[in-house]
Amino acid sequence: MIYKRYLIKYSSHNAIKEAMIKMCKNPTIKQSVIPRAFLKRVGLKKPCNLTDKELSNAVDEFINFYDVKKNIKIRFFDKNF
């Protein structure tokens, strides 16, 4: 759900990564892609205490794990199509 919302709002790998890192370092309701009602119920998480390199690697792994491009299958059409 989280990756899907980032993908809809930012659409490119670099923009998603940048937004996620920014959110992890300094979470605010204004920059969150999660619905406000959910955030009011569970609250925001605390700022991440990972180093920049660790955080960048973690976000890359998250994006690669949930990347929808891996699940898209394109069938080849015959030449007469």
Looking only at residues in the stretch 40-55 that are surrounded by 10 or more Cβ atoms within 10 Å (Cβ to Cβ) and either touching a residue at least 40 places away in the same chain (Cβ under 8 Å) or among the aliphatic types (A, V, I, L, M) (or both), which one is farthest from Met23 (Cα to Cα)?
Leu50
Give Ile16, Ile29 a once-over and let me know the one that is in a helix (DSSP H, G or I), among the β-branched types (Val, Ile, Thr) and surrounded by 11 or more Cβ atoms within 10 Å (Cβ to Cβ).
Ile16
Verdict on Asn49 being part of a loop (DSSP other than H, G, I, E, B) and modelled with pLDDT of 90 or more
yes
Selection from the stretch 56-71 of residues that are of a type in the set (S, T, N, Q) and closer than 13 Å to Met20 by Cβ:
Ser56, Asn57, Asn64
I'd like to check something: does the stretch 66-77 contain any residue that is modelled with pLDDT of 85 or more and of a type in the set (D, E, K, R)?
no
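The values are calculated or read from the model by the stated rules, or taken from the named source; none is laboratory data. No experiment lies behind these values; they were computed from the predicted model shown. Quick reminder, even Gly has a Cβ in these numbers, built from the backbone with ideal geometry, and neighbours come from all protein chains shown.
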